[in-house]
Amino acid sequence: MRKFATLLLAGTVAVSALATAAAYAQNPMVGGAAMYATKNIVENAVNSKDHTTLVAAVKAGGLVDTLQSAGPFTVFAPTNEAFSALPAGTVDTLLKPENKDKLVKILTCHVIAAKALAADVTKMVMDDGGAHKAKTAGGCELTLKTDGGKVTVTDENGNVANVTIADVEQSNGVIHVIDKVLLPKM
């Protein structure tokens, strides 16, 4: 009987440990850096070597305090490579103080004022018959779709960005890494 009780206790501890590990699953690495669910969007983004342009743009646009606030936010975070794919000189022009309003408009078109994990997006897309329209903090309308478990985001100009890393949880929301910069109609 004692041996059975010991095995039962050991099994209970193992199951409990597995449940705890599942509840606190680690975020994916982004830009070679660990992303911590206990840190906010800005605290994590500054560590990603793939998001230095985005971080510089957020600073130039004066959006640091906003993205450090309670949220919740869903941020579609373009990589440096996505910014590099814009026409030559675009990023440098946007970072100039006289273009701050345009920069803020573009950046806030990457932010939804809600926390939407990939599973949430998939459900919304299915509920809406294959495409879900989402309003951004910048007043843009994005079209979210899923295909084979992958999420895509289409901006107002028809540009399609693929989510390359989904569900990077933050203390104030979630980041989905994307491969294109989303642009509002201007």
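Here is how the numbers come out for the structure above:
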quantity: Pairwise FRET efficiency - Y36 versus V160, Cβ, R0 = 22 Å, nearest 0.05; calculated: 0.15
quantity: Degrees between helix 2-23 axis and first principal axis of the chain (Cα, 0 to 90, nearest 10); calculated: 0
quantity: Among V55, V91, V151, residue whose mean-square fluctuation peaks in a GNM of the chain (springs only between Cα atoms under 10 Å); calculated: V91
quantity: Fluctuation leader among N99, N172, N40 - the chain, Gaussian network, Cα springs under 10 angstrom; calculated: N99
quantity: Calculated P(r) of the chain - Cα pairs past 29 Å, %; calculated: 27
quantity: Modelled label reach - A70, point 7 Å along Cα→Cβ, the range 128-161 residues with backbone N closer than 20 Å; calculated: 137
quantity: Distance between modelled label sites at D128 and A85, nm, 7 Å Cα→Cβ extension; calculated: 2.2
quantity: Filter on K102/K123; K39/K185; K123/K180; K100/K185; K59/K145 - keep pairs with C-alpha separation over 28 Å; calculated: K102/K123; K39/K185; K59/K145
quantity: Net +/- balance of residues flanking V181 in space, Cβ distance below 15 Å, scoring K and R +1, D and E -1; calculated: -2
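The numbers here are math on the coordinates, done by the rules we state, and not lab data. From a predicted model like this one, the values you see are computed outputs, not experimental measurements. Glycine gets a Cβ as well: all are built from the backbone with ideal geometry, and neighbour counts include every protein chain shown.
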